[in-house]
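The values are calculated or read from the model by the stated rules, or taken from the named source; none is laboratory data. If you're wondering where the values come from, they're calculated on a predicted model, not measured in any experiment. Every residue, glycine as well, gets a Cβ built from its backbone with ideal geometry; the counts of neighbours run over all protein chains shown. SASA here: full protein model, heavy atoms, side chains in, ligands and nucleic acids out. Shrake-Rupley method; radii C 1.70, N 1.55, O 1.52, S 1.80 Å.
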Amino acid sequence: MMYKKFLDLGLQPLANKYLTKKDLIKKKERLYHLEVGFDENTKLVSILKNISAEKMFDNKYPYRSSLSKTMLNSFKKLAQKVNKTFNPNFIIEIGSNDGSFIKNFDKKKIIGVEPCTNMANITKNMGYKTYSNFWNIKLAKKIKLKVKSIDMVYAANTISHIKNLDSVFNSINHILSDKGILIIEDPSLLECFKIVSYDQFYNEHIYIFSLLSMKSLLKKYKLEVFNIEKLSTHGGSLRYYIKKDSNNKFRINKKVKEQLNQEIKFGLNKFLTYIKFSKNVDNSRKKLRAIFSKLKKHNKKIIGYGSAAKVCTILSLCNIKSETLDYFFDTTPNKVGKYMPGSHIYVKKYIKPLTNEADYVFLGAWNFKKEIFNKERKFIKRGGKFITHVPFPKII
Ligand code: TMP
């Protein structure tokens, strides 16, 4: 792959490495230069630095998908659809996190693969067979010896986190039956570019896929996208329904062509579009900084809401620290009481809807705006203000 660099997001920490007070004193945090490139041949977009997966996905991984109603609903709806449409015999979920998807299935019909041991232990305790491993050919071979026919593989917000795509797809091909289906969902590059959500880029998000890049990638492994769905999750995602080339059971849905046309019309096949995006990011950064500076000049109290991994990119790029944001509210047990990577802003346990904690609230988890605004409707009704950076920095 020959990546042409188009975006420089400066020095960034590992987005899920929350710090204790002791860590802060020891000053042992490491920063990595976050740059993003575009491969004109495959249309793949990737960050340029390779950080070891073992460093990022360990036994202290804090992110839990089950803490959001939006994610739970999305997984439940998909499970119902999968059972109705494909009625699979046996499913493997790669990156099963804390079980939000697999818990919708019979324990005899699904297994999880999850390298973060603390997360894998959650689904093991729920009674689901879970391999606490990284997804690779060794594991695929081991599983295939035990389960004969696997006709569905599912991976949500996981493939974009794995550097070695050869290993990913060769292992899937090894395990998936010829009539089997692979479903992948990940943030959509088109949506990211449309709303300038540059925070989709952080050290764990090695790739941000478009249908263009997914299609050209899959060709190499004799796999093909036969349908897609646009999702609102994670700020705009694409769900890809994929089959083996040799499987003629499914027609290619017209939505595939429509999405490809939209991506080409937007210019995702041209490097110039990537340069434009980089300029949009710079403007977004300047505007957000200007909003914060103005509010702080008027001594306004600002806090953050939802310490998402994405937020790290914004705070580091815009150089926002605890002088600006007093703390972040978050519901995640493994984040509260700790300090955010990079900015070192304190994470406070969210207990109840906002009252008068601050003059302004920075919406870190902007991708859950609907869910959060619904929860905080009283605060909003009383005139409480939020700050967001998408689709452009503003106060709402
Ligand atoms: P994500 O965008 O990577 O899923 O992260 C969202 C973060 O926001 C996660 O740390 C949980 C947190 N969160 C809240 O604190 N309150 C909420 O109501 C929601 C939906 C998320």
Report summary line: Considering the stretch 83-95, residues that are more than 16 Å from the ligand (Cβ to nearest atom) and touching a helix residue (DSSP H, G or I) at 6+ places or on another chain (Cβ under 9 Å), and then whichever is most open to solvent (accessible area, probe 1.4 Å), we arrive at 83
Query raised in the report: Is it fair to say residue 308 is in contact (Cβ under 8 Å) with a residue 40 or more places away in the chain, among the aliphatic types (A, V, I, L, M), open to solvent by 10 Å² or more (accessible area, probe 1.4 Å) and within 13 Å of the ligand (Cβ to nearest atom)?
Result: yes
Query raised in the report: Any residue at all in the stretch 61-78 that is farther than 28 Å from residue 306 by Cβ and more than 16 Å from the chain's Cα centre (by Cα)?
Result: no
Report task. Would you please name the residue that is surrounded by the most Cβ atoms within 10 Å (Cβ to Cβ), looking only at residues in the stretch 289-298 that are assigned to a helix (DSSP H, G or I) and out of contact with any strand residue (DSSP E or B) (no Cβ under 8 Å at 6 or more places or on another chain)? Result -> 289
Report summary line: Counting only strands (runs of 3 or more DSSP E) wholly inside the stretch 301-396, the ones holding at least 2 residues that are of a type in the set (Phe, Trp, Tyr) are 327-330, 360-363
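Per-residue answers, yes or no, for (1) without any contact (Cβ under 8 Å) to a residue 24 or more places away in the chain; (2) under 22 Å from residue 249 (Cβ atoms):
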residue: 84; (1), (2): yes, yes
residue: 95; (1), (2): no, no
residue: 118; (1), (2): no, no
residue: 132; (1), (2): yes, no
residue: 138; (1), (2): yes, no
residue: 142; (1), (2): yes, no
residue: 147; (1), (2): no, yes
residue: 159; (1), (2): no, no
residue: 167; (1), (2): no, no
Query - Close pairs from the stretch 314-333: first without any contact (Cβ under 8 Å) to a residue 60 or more places away in the chain, partner part of a loop (DSSP other than H, G, I, E, B) and surrounded by fewer than 15 Cβ atoms within 10 Å (Cβ to Cβ), Cβ under 9 Å, at least 6 apart - result: 315/321; 326/301; 329/351
Requested in this report: Could you check residue 252 against (1) of a type in the set (A, V, I, L, M, F, W, C); (2) open to solvent by less than 80 Å² (accessible area, probe 1.4 Å); (3) outside any helix (DSSP H, G or I); (4) more than 16 Å from the ligand (Cβ to nearest atom) and say which number it fails?
Outcome: (2)
